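The values are calculated or read from the model by the stated rules, or taken from the named source; none is laboratory data. Computed from a predicted structure; not experimentally measured. Please note: Cβ atoms are built from the backbone with ideal geometry, for glycine as well, and neighbour counts cover all protein chains shown. Quick note on the areas: whole protein, heavy atoms, side chains included, nothing else; ligands and nucleic acids left out. Shrake-Rupley method; radii C 1.70, N 1.55, O 1.52, S 1.80 Å.
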2 protein chains.
Amino acid sequence: MSNQIHHKDIAKVPEPTLRRLPWYLSNVKLLKQKGEQYVSSTQISKEINIDASQIAKDLSYVNISGRTRVGYEVDTLIEVLEAFLGFTGMHKAFLFGVGSLGGALLRDSGLSHFGLRIVAAFDVNPDIVGTAINGIPVFHSDNFQEKMGEYEVNIGVLTVPIEIAQQITNTMVSGGIKAVWNFTPFRIRVPENIVVQNTSLYAHLALMFNRLNFNETK
Amino acid sequence: MSNQIHHKDIAKVPEPTLRRLPWYLSNVKLLKQKGEQYVSSTQISKEINIDASQIAKDLSYVNISGRTRVGYEVDTLIEVLEAFLGFTGMHKAFLFGVGSLGGALLRDSGLSHFGLRIVAAFDVNPDIVGTAINGIPVFHSDNFQEKMGEYEVNIGVLTVPIEIAQQITNTMVSGGIKAVWNFTPFRIRVPENIVVQNTSLYAHLALMFNRLNFNETK
């Protein structure tokens, strides 16, 4: 029941706020390491150069209240932020496409500290189907539907070649996947009720190269 | 000289355009595989659900002209887009912090197809210093300055723990690094002339979890 209320609360959080909250979290973790017990939005503001009023506003979405003059309790703020961001829960995911990037993500155990556990991967390459990477089994793509019944998964990580990105997305969605973490540079289309999170490393590279060139020719 | 002009041209490209151009590129690559020789912005528009006028406007930043009724030549468009986005050049980078994510990025050879080649990595862990991952040597962090003279590098990939993210950034910048690809959830601060590209997988996870919860409780 309290979980329901929590879900309802966070439903209204705007995207920019959700992008900034992890910054506050990492900053407050650092202050904790330095031995701080309380932190104010003014203090965070000085460290990361974001308006204190903006920080206070962002934190108002999170169910925590600061005390006048002393601010937020560091331990509580970390705990509440981690829970709010979903990092303390464990969301199980399947990964599709064990190529270079897919394999790299399977080996990145760090994701599990932030609430995501990839429990199985799918590919068609006979050299890797039947093996395990970092303890995660790689199944043949044909077994996806069967494995959906076995594992309780609602997130799919998409790291396939672009030419099958849409097709694999369709398969995932019809199999019951509710959120797609899309690492391909392909713009996939999904039904309205499916969440898509695009993380295109290549678009980020293009941006970085462009700004670098700009600075160099200034 | 023509290179200079190219750099000057791309300097004015807005961020949203730079984020969309890789979508067009991947879509056009797909059309090429299907045997298409020409493509119009209307055609791309249908495939990826972005306004044709927006696509035409975005493509106007790129130095290519379409022909009335037939559109852009597929081969030329791919070539020009790849060059424009910096994917055909080779930008050398150092990686800092060979933990779980850092190691994963070293193993992702895919980045080199998009213009980034990580040529060396730095860490302090005696177990990995002196080894090589995917052919990329791992040096002790103390040797960074010396290696800057040896390799010609201006990009630093930041995958260290948050508690040293700022310190390592400062070291990079004073050593001559001009662009930082920041994978940590920490908001680093740099001088005005330094490019920072934030790619926080954790912020993306938080967003995905939030939207997923929202859909589930609707």
Next item on the list: Might you check whether a residue that is under 17 Å from residue A:154 (Cβ atoms) and either in the same structural domain as residue A:144 (by TED's automatic domain parsing) or of a type outside the set (Phe, Trp, Tyr) (or both) occurs anywhere in the stretch A:62-74?
Entry: no
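When you go through A:154, A:210, A:134 one by one, which is the residue that is over 19 Å from the mean Cα position of the chain (by Cα) and on the phi < 0 side of the Ramachandran plot?
Values: A:154 fails: over 19 Å from the mean Cα position of the chain (by Cα); A:134 fails: on the phi < 0 side of the Ramachandran plot.
Exactly one of A:154, A:210, A:134 is over 19 Å from the mean Cα position of the chain (by Cα) and on the phi < 0 side of the Ramachandran plot, namely A:210.
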Next item on the list: Test each condition in (1) in a helix (DSSP H, G or I); (2) open to solvent by 10 Å² or more (accessible area, probe 1.4 Å) for residue B:130 and report the one that comes out false.
Entry: (1)
Next item on the list: Output the number of residues of the stretch A:111-132 satisfying the condition of being modelled with pLDDT under 95 and in contact with a Gly (Cβ under 7 Å, 6 or more places away or on another chain).
Entry: 1
Margin query: Need pairs with beta-carbon distance below 6 Å; first residue at the interface with another protein chain (Cβ under 7 Å from one of its Cβ atoms) and within the stretch A:189-207, second β-branched (Val, Ile, Thr) and part of a loop (DSSP other than H, G, I, E, B); sequence gap 6+ or separate chains.
Written below: A:204/B:199
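Taking the condition open to solvent by 40 Å² or more (accessible area, probe 1.4 Å), out of contact with any Gly (no Cβ under 6 Å at 6 or more places or on another chain) and not assigned by TED's automatic domain parsing to the domain that holds residue B:18, does residue B:150 pass? Give the derivation first.
Working: open to solvent by 40 Å² or more (accessible area, probe 1.4 Å): yes; out of contact with any Gly (no Cβ under 6 Å at 6 or more places or on another chain): yes; not assigned by TED's automatic domain parsing to the domain that holds residue B:18: yes.
Answer is yes for this residue.
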Note to self: Given (1) modelled with pLDDT of 95 or more; (2) part of a loop (DSSP other than H, G, I, E, B), identify the lone condition not met by residue B:193.
What the structure shows: (1)
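From the residues in the stretch B:161-187 that are β-branched (Val, Ile, Thr) and open to solvent by 20 Å² or more (accessible area, probe 1.4 Å), which one is farthest from the other protein chains (Cβ to nearest Cβ)?
Restricting attention to the stretch B:161-187, the residues satisfying the condition of being β-branched (Val, Ile, Thr) are B:162, B:164, B:168-169, B:171, B:173, B:177, B:180, B:184.
In the following step, the residues that additionally are open to solvent by 20 Å² or more (accessible area, probe 1.4 Å) were identified as B:162, B:164, B:168, B:171, B:173.
Working: B:162: 5, B:164: 10, B:168: 14, B:171: 18, B:173: 13 Å.
Residue satisfying both the conditions and the ranking: B:171.
Yes/no per residue for (1) open to solvent by less than 20 Å² (accessible area, probe 1.4 Å); (2) within 14 Å of chain A (Cβ to nearest Cβ); (3) touching a residue at least 12 places away in the same chain (Cβ under 8 Å):
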site	(1), (2), (3)
B:22	yes, yes, yes
B:27	yes, yes, yes
B:32	no, yes, yes
B:36	no, yes, yes
B:47	no, yes, yes
B:56	no, no, yes
B:66	no, no, yes
B:71	yes, no, yes
Notebook entry, point to check: Applying the selection to the stretch B:84-127, what residues are part of a strand (DSSP E or B) and more than 7 Å from chain A (Cβ to nearest Cβ)?
Noted result: B:92, B:93, B:94, B:95, B:96, B:117, B:118, B:119, B:120, B:121, B:122, B:123
